[in-house]
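J.: Take this structure, written in structure tokens, and hold onto it; I'll ask about it next.
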Amino acid sequence: MSDETDDEEIHVASDDAPVLTKYEPDFRRVFARGTLLRMSESDDNTVQLGFWSDKDTEIEMDDGVEATGYQLETEVMMHWDGVLRLRNLLDNYIEEHAPDHLDE
């Protein structure tokens, strides 16, 4: 296993430095159309990241309030340092690979 400093580095795959992954038993790939974020109610250092595949809007609640329901496919619990590494990874990937029409 790599040490913590290696976790800070963004590994960009190339022919000289391929990225290898494996699936652990009972894990599966999910397709997510969107995400939900919230803080853990019991731990300010933990962020809950949920990936959803479908949503229903205008769900009538008993008290007359309209809600939105999400079909949650999977959930990831992360500490803030992991969230910041994820942001750095996504920023790097978007900068390198996003289609031109998505530029801000």
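J.: Of the heavy-atom accessible surface of the chain (probe 1.4 angstrom), what whole percent is carbon and sulfur? Each step should come with its number before you reach the end.
T.: Values: 4660 of 9520 Å².
Answer for the chain is 49 percent, counting heavy atoms of protein chains only.
J.: Further question: Sorting check: for 71-80, 33-42, which peptide has the highest mean count of neighbouring beta carbons within 10 Å, and how do the rest follow?
T.: 71-80, 33-42
J.: Using modelled backbone amide H atoms (1.01 Å from N, in-plane), which distant-in-sequence or interchain residues come within less than 5 Å of Glu73's amide H?
T.: Amide H neighbours of Glu73, under 5 Å, 5+ apart: Phe51, Trp52, Ser53.
J.: While we're here: What full-extension length gain, to one decimal in nm, is calculated for Tyr70 and Leu37 as 0.36 nm per residue of separation minus the Cα-Cα distance?
T.: Here the segment from Tyr70 to Leu37 would lengthen by 10.6 nm.
J.: For labels at Asp44 and Glu58 in the simple 7 Å Cα→Cβ model, what's the distance in nm?
T.: Between Asp44 and Glu58, the simple spin-label model gives 4.1 nm.
J.: Tell me the angle of helix 80-97 to the major Cα principal axis of the chain, expressed in degrees between 0 and 90 and rounded to the nearest ten.
T.: On a 0 to 90 degree scale, this one is about 70.
J.: Show the residues, 5+ positions off or on another chain, whose built amide H is closer than 5 Å to the amide H of Thr46.
T.: Residues meeting the amide H criterion: Ser40.
J.: So between Arg87 and Ala13, what do we pick up on full extension, going 0.36 nm a residue minus the alpha carbon distance?
T.: Between Arg87 and Ala13, full extension yields an extra 24.9 nm.
J.: In square nanometres, what is the average projected area of the Cα convex hull of the chain?
T.: 10.9
The values are calculated or read from the model by the stated rules, or taken from the named source; none is laboratory data. Just so it is clear, the structure is predicted and the values come from calculations on it, not from any experiment. Here Cβ is always computed from backbone atoms with ideal geometry, including for glycine, and neighbour counts include all displayed protein chains. In case anyone asks, the SASA skips ligands and DNA or RNA and just uses the protein heavy atoms, side chains included. Shrake-Rupley method; radii C 1.70, N 1.55, O 1.52, S 1.80 Å.
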